[in-house]
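Colleague: Let me give you the structure first, and then I'll get to my questions.
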Amino acid sequence: MKAAVITFPGSNCDRDLADAFAKAGAEVVRVWHKDTEIPAGTDVIGVPGGFSFGDYLRCGAIASRSPIGQAVVDFAGRGGHVIGICNGFQVLTEMGLLPGALMRNAGLKFRCRAQRLRVATTDSPFTRGYAAGAEVTYPIAHHDGNYVLDAEGLARLEGEDRVAFRYIDNPNGSTADIAGVLSENRRVLGLMPHPERVVEEAQGGTDGAALFRALTGMLAAV
């Protein structure tokens, strides 16, 4: 199973994400933002956290228009799997691959801590490794993680069981405590917390490992 991890100027979690995929058994290729094609044979794209292009315009906005951006959109359009974490989640919303927007945290403070989450659905390649309703702890580190969606969009997400994770003790004001959402075909996941930072005991926990094992295991079997 091959995972492609993209690096933008300002990415700071790309190596963590590549390591998480590798520990789950994936072959990992690194992709630069100026590339225009996703490597042949790629099964999943990882869009990492950080501060792409310094977040100088709007978080994820410049990255979404980078040369590699259209290739990511095309890959997802063909049914490819994509995961965007933290700044990567912001990039995926800017690309139009996921609904909603990420705004400044309620309280206007940067939040950096271990965060408890509830697995809201197991009906996805990313969450199938967890028990329904399981509590996990992933780190968070964001200033613009307040997920905003209108009432109609929220009703659609809820009705289609596309909320992947919810916060326990909401740290940023996100609508309906949403920490992660799925695309209509359930093959694109965006989430603000960092599962790639808790895949081995040396990181202080392993709650994120099941996400990467489930994804790589499923794709390797296809």
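Colleague: Tell me, what is the FRET efficiency for ALA114 and GLU158 to the nearest 0.05, using R0 = 25 angstrom and their Cβ-Cβ distance as r? The partial results should precede the final answer.
Modeller: On the way: r = 27 Å, r/R0 = 1.08.
Working from the Cβ atoms, E equals 0.40.
Colleague: Quick check: net charge around ASP55, other residues with Cβ under 12 Å of its Cβ, Lys/Arg +1 and Asp/Glu -1?
Modeller: 0
Colleague: Compare the Cα positions of ALA179, ASN146, PHE51 along the charge dipole of the chain (+1 at Cβ of Lys, Arg; -1 at Cβ of Asp, Glu; about the Cα centre) and return the one farthest towards the positive end.
Modeller: So the residue furthest toward the plus end is PHE51.
Colleague: Taking all protein chains together and a probe of 1.4 Å, list GLU94, GLU27, GLU201 from the most accessible to the least accessible. Write down the numbers at each step before the final one.
Modeller: Working: GLU94 40, GLU27 105, GLU201 135 Å².
Result, largest first: GLU201, GLU27, GLU94.
Colleague: From the square roots a ≥ b ≥ c of the eigenvalues of the alpha-carbon gyration tensor of region 81-222, which class results: rounded (a/c under 1.5), prolate (a/b over b/c), or oblate?
Modeller: Judged from the Cα gyration tensor, region 81-222 comes out oblate (a/c at least 1.5, b/c at or above a/b).
Colleague: Could I ask something else about it? Would you compute the Debye intensity of region 163-222 from its alpha-carbon atoms alone, equal scatterers and no solvent, and pass along log10 I(q)/I(0) at q = 0.17, 0.20, 0.24 Å⁻¹ to two decimals?
Modeller: Values, matching the q order: -0.69, -0.89, -1.08.
Colleague: Same structure, new question: Loop only per DSSP, at most 13 neighbouring Cβ atoms within 10 Å: give me the chymotrypsin sites (Phe, Trp or Tyr not before Pro) in region 54-98, ordered by residue number.
Modeller: Sparse-neighbourhood loop chymotrypsin sites (Phe, Trp or Tyr not before Pro): TYR56.
Colleague: Accessible area per residue of the chain at 1.4 Å probe, in Å²?
Modeller: Working: 9220 Å² over 222 residues.
With the other protein chains kept in place, the chain gives 42 Å² per residue.
Colleague: Cα atoms only: what Rg and Dmax, in Å, come out for region 1-144?
Modeller: Expressed in Å, the Cα Rg and Dmax of region 1-144 come to 15.0, 44.
Colleague: Mind jotting down a quarter of the surface of the convex hull over the alpha carbons of region 20-98, in square nanometres, one decimal?
Modeller: Directional mean of the projected Cα hull area for region 20-98 stands at 5.0 nm².
Colleague: Using a 1.4 Å probe over the heavy atoms of the protein chains, calculate the carbon and sulfur portion of the accessible area of region 1-143 as a whole percent.
Modeller: Roughly 50 percent of what the probe reaches on region 1-143 is carbon or sulfur.
Colleague: So, one more: Taking 35 Å as R0, compute the FRET efficiency from the Cβ-Cβ separation of LYS34 and ASN185 and round it to 0.05. List each step's numbers first, then the result.
Modeller: Working: r = 28 Å, r/R0 = 0.81.
Rounded to the nearest 0.05, the efficiency is 0.80.
Colleague: Roughly how many debye, to the nearest 20, is the charge dipole of the chain about its Cα centre, given +1 on each Lys and Arg Cβ, -1 on each Asp and Glu Cβ, and no other charges? It would help to have the intermediate numbers written out before the result.
Modeller: Values: 22 positive and 25 negative charges, 46 e Å.
Magnitude of the dipole: close to 220 debye.
Colleague: Accessible area of THR36, 1.4 Å probe, to the nearest 10 Å²?
Modeller: It works out to around 100 Å².
Colleague: To make sure I understand the rule: partners must be lysines, Cα under 19 Å from the Cα of LYS2, and not fewer than 8 residues away in the same chain. Which ones qualify?
Modeller: In chain and number order, the partners are LYS23.
Colleague: Let me cross-check ARG156: its accessible surface, 1.4 Å probe, with only protein heavy atoms counted, in Å² to the nearest 10?
Modeller: 120
Colleague: Ignoring ligands and nucleic acids, what accessible area does GLU160 show with a 1.4 Å probe (Å², nearest 10)?
Modeller: Its accessible surface works out to 70 Å², give or take rounding.
The values are calculated or read from the model by the stated rules, or taken from the named source; none is laboratory data. Note that the structure is predicted; figures quoted are calculated from it, not measured. All Cβ positions, even for glycine, are placed from backbone atoms using ideal geometry, and neighbour counts span all protein chains on display. Surface accessibility is based on the protein's heavy atoms, side chains included, excluding ligands, DNA and RNA. Shrake-Rupley method; radii C 1.70, N 1.55, O 1.52, S 1.80 Å.
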